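Worksheet for the structure shown next.
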Amino acid sequence: MSSRKANRFTWYRADLHLHTPASSDYQELDVRVIDILRRAEAQGLDIIALTDHNTVGGYAGMQRDIERLTFLQSTGRANADELRLLSEYRRLLEKILVLPGFEFTATFGFHILGIFSPSTPVRVMEHLLLSLNVPSLVLDMGNSEVGASADVLTAYRAIYEAGGICIAAHVNSTHGVAMFGVEFGGGQTRIAYTQDRNLHALEVTDLMRRDKRSTARFFDGSKAEYPRKMRCIQGSDAHRLDSIRDKRGVVMPGVGERITEFALPERSFEALLELFQSSDMTRSRPYQPNTKVQDYVQQARDEGANVVTAFHEMTSARPDQLSPVVMDVCAFLNTNGGSIYLGVSADKKQKPSGVDNPKQTMELLEREFRRLITPAAFEVEMDVLDSQGKTVIRLQVPFGSDRPYAIDQSMIYVRDEDETNLAVRDEIVNLVRQGLALKSDMDDLSAPTVAPDSAPVASVTATTTAPQVATAVHPVVPTELTTVPSIEPPRSGVEIVSVEERDGTRYYAMRDLRNGNVVRNVTRGSSRLLWLYAIKTAEEGAIAPGKVDWRGDIGLIRRYITKGEPRCDLAQYAPDGSIRVYYGVAESALEGIWSVFAPEE
């Protein structure tokens, strides 16, 4: 049901993306692997991975060099320089954990890192690359171009099943699976490529950014179509010892110039693999020298409460204070999972109150979860963090795969933005359908790639209701059609898809644009905040097309700020000439063609 853990870790600095001259595009051909190890030591690295393009040639060459020197020493034929080199290898390998790996080029040019234990034979990794359709010639030359290799999802599974750590390389830039700025594939492809259960982490180049447009924030689990929160790390992708600025002014990093720190119980591949399998995202962070210890609680408060984060200001372990926490756990299980912080409010300016007796509180929470929430087959991780001198309990709730989850057998909660609400009928129906689909995926071992615990909600629920389009310019009286525009709606906000009046009361059908769910029979009285805003705005009057900032068939109606987050209302011409209206779209979700309305950086 629940587990508690002690924070007994040491922070280790790692660069898990390093090339050697075994990569054909390496920029300093006179560099040796021993030089890379020396530079890694100078940069204070504890762990590195040698990940050449479609080959393990760099790591294998180092092994052969050490074996040759060891043989010469054992036979008494090593000269002074060879003995010094062997001694240097041994000293550096005692100090730095060197992991073998490769950077595989999948179909359509996407790059994927596979990192393995030092005990993995080179031939096993070479066989794996050959099974992924890497030509034997490329295996020897280290080219980044391989032709018709295996697809991304097949590569994820192969690396995972071989016992490796699978990381999508530089996802937010060239050859990255996030496909930012690339029209190929569309949103469903990006979802599959970044949410697959066999993928351990995403390597990004903007990990130091803290704003809402950073890649890490995009994959923080707050987007319904990307429900699996992904661990984001950084690596140098070094093709040389020292950084250099190219002709375009872009800095090409050297060894150890983009470092990730990992909190591990020991410096070993097994500990690193366990971390990548863990849901505790605070155990990895970008390395920043000469900075104070990070306050992860305050960092979460700065980002604010949302669909995957909640805060409760409580000091004692009374059952009445824990009731809202139990409701949040139930809601997170039924939505995207998430983190709950106890002993601190959502107001980032207010000092934490802390929890007086964290051990007693966690024990009581375990009993309450076991007593109240069904089904009980889920694991909530609990640990203790310090924030401004106060003790805060953090609960990490998984994405529930046996949904719907209920309290006292009947009360089913869902998370909507930063609120926990009782699910309405259509949401319960969708949860049942999701649970059946997830169970089917788990039972079908031959089903490809996308994981039950990472399957996007949209893939389960979006097809449960036929697409509907408002036909009238006045959004209060739309009717439902099956014509679908060529431009996909934004991935945030709500849309009124129909309305009918019964006994003097208007009943609306609302589409949640995050996942495509349609909830019917919504009234003013039963509305949540965003739904109520949409209904009130629609009832105020028709949209005047002449006042919309049109960019082709899509337009901006207005911008506003709610709870500190910039939002906007958008419009779109449907094929039949009607106008669809999207209310409360978060500016941070303006992607693809809708990015034309995103504010400039």
* To do: Quick one: work out the % antiparallel among DSSP beta bridges in the chain, nearest 5.
  => 75
* Considering only DSSP beta bridges whose two residues both sit in the range 11-289, what percent are antiparallel, to the nearest 5? -> 55
* So which DSSP H runs in the chain come out at 20 Å plus along the axis (Cα) with average Kyte-Doolittle of at least 0.5? -> 319-334
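Highest mean first, what order results for 539-551, 60-72 on Cβ atoms within 10 Å?
Working: 539-551: 12.2, 60-72: 15.5.
Result, highest mean Cβ count within 10 Å first: 60-72, 539-551.
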* Percent relative contact order of the chain, based on C-alpha pairs within less than 8 angstrom and at least six residues apart? -> 11
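Taking the mean number of other Cβ atoms within 10 Å as a proxy for protection, how do you rank 565-575, 408-418 from highest to lowest?
Values: 565-575: 19.5, 408-418: 17.5.
Put in order of decreasing packing, that is 565-575, 408-418.
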* Structure fact -> the range 300-426: spread of alpha-carbon positions along the three principal axes, whole Å, largest first, is 43, 28, 22
* Asked: Which percent of Cα-Cα pairs in the range 11-289 sits in each 10 Å bin, short to long?
  -> 7, 30, 37, 20, 5, 1, 0
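Find the Cα radius of gyration of the chain, compare it with 2.2 N^0.38 Å by division, and give the number to two decimals.
Details: Rg = 26.5 Å, N = 601, 2.2 N^0.38 = 25.0 Å.
Computed over Cα atoms of the chain, the ratio equals 1.06.
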* Structure fact -> Beyond 27 Å (Cα-Cα) in this structure, taken from 223/439; 223/247; 229/563; 212/359; 223/348, we find 223/247; 212/359
* **Set of aspartates and glutamates with alpha-carbon distance to residue 351 below 19 Å, sequence-local pairs under 8 removed** => 295, 302, 303, 313, 386
* Measure off 7 Å from each Cα along the Cα-to-Cβ vector at residue 299 and residue 108, then give the distance between these two points in nanometres to one decimal. => 3.2
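For the chain, what is the mean residue ellipticity at 222 nm derived from helices alone (per DSSP H run of n ≥ 4: -39500 (n - 2.57); sum divided by total residues; nearest 500 deg cm²/dmol)?
Working: 15 runs with 167 residues, N = 601.
That comes out to -8500 deg cm²/dmol.
Dipole size in debye (nearest 20) for the chain around its Cα centre, Lys and Arg Cβ +1, Asp and Glu Cβ -1?
Details: 68 positive and 81 negative charges, 211 e Å.
Dipole of the chain, to the nearest 20 debye: 1020 debye.
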* **Additional length obtainable on full extension of the chain from residue 77 to residue 288, 0.36 nm per residue less Cα span** => 71.4 nm
* **Within-15-Å neighbourhood charge of residue 149 [Cβ basis; K, R +1; D, E -1]** => -3
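Arrange 531, 11 by Cβ neighbour counts within 10 Å, fewest through most, would you?
Numbers: 531 22, 11 14.
Lowest count first: 11, 531.
The numbers here are math on the coordinates, done by the rules we state, and not lab data. For clarity, every value in this text was computed on a predicted model and none was experimentally measured. Methodologically, a virtual Cβ is constructed for each residue, glycine included, from the backbone with ideal geometry; neighbour enumeration extends over all protein chains shown.
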